[in-house]
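Throughout, read-outs are computed from the coordinates displayed, never taken from laboratory work. Bear in mind the structure is a predicted one, so any value in this text is a computation, not a measurement. A quick note on method: Cβ atoms are made from the backbone with ideal geometry, for glycine too, and the neighbour counts reach across all protein chains shown.
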Amino acid sequence: MLLVTGITGHTGRYFLQELIKNKYEGPIRCIVRETSDTSLLDTSGLNIEKVVGDINNQAFIENAMFGINTVKCIFITSIIHLLLYKLQ
């Protein structure tokens, strides 16, 4: 199962579109905030399980990781790219 963080954000939207375009068939667990707009996830046609929580909560992350074999941290990736850009 694929675990994705940040999929409801700006960069995450592009990742979701690629999953849809490539007809990704595996199960996807998405960590979202309570205030996240999940409408694109809901209408994607993909096998998505949404879990609402705080990625800073260790117990929440441990539970969210159950059964996961691949992780895509889009939020973290976006921050790293931003920091690298600012350092140039």
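Summarising the label geometry, the points placed 7 Å from Cα in the beta-carbon direction at Thr70 and Arg13 lie 2.4 nm from one another. Legend: ranking of residues Lys50, Lys23 from fewest to most surrounding C-beta atoms inside 10 Å; resulting order Lys23, Lys50. Only one of the values (i) 1.04; (ii) 0.98; (iii) 1.28 was calculated from this structure for Rg/Rh (Cα atoms, Kirkwood Rh); name its label. Given (i) 1.04; (ii) 0.98; (iii) 1.28, the calculated one carries the label (ii).
Charge dipole of the stretch 2-87 (Cα centre as origin; +1 on each Lys and Arg Cβ, -1 on each Asp and Glu Cβ, all else neutral): 280 debye, rounded to the nearest 20.
Cβ crowding within 10 Å, taken as a proxy for footprinting-reagent exposure, orders Ile74, Ile7, Ile68 from fewest neighbours to most as Ile68, Ile74, Ile7.
How about the stretch 24-66: which chymotrypsin sites (Phe, Trp or Tyr not before Pro) there lie in a loop by DSSP and see at most 10 other Cβ atoms within 10 Å? Counting only loop positions with at most 10 other Cβ atoms within 10 Å, the chymotrypsin sites (Phe, Trp or Tyr not before Pro) in the stretch 24-66 are Phe66. With a simple spin-label model that places each label point 7 Å from the Cα along the Cα-to-Cβ direction, the separation between Ile61 and Lys23 comes to 3.6 nm. The residue list Gly9, Gly45, Ile28 was ranked by how far each Cα lies along the charge dipole of the stretch 2-87 toward its positive end, using unit charges on Cβ atoms, and Gly9 comes out on top.
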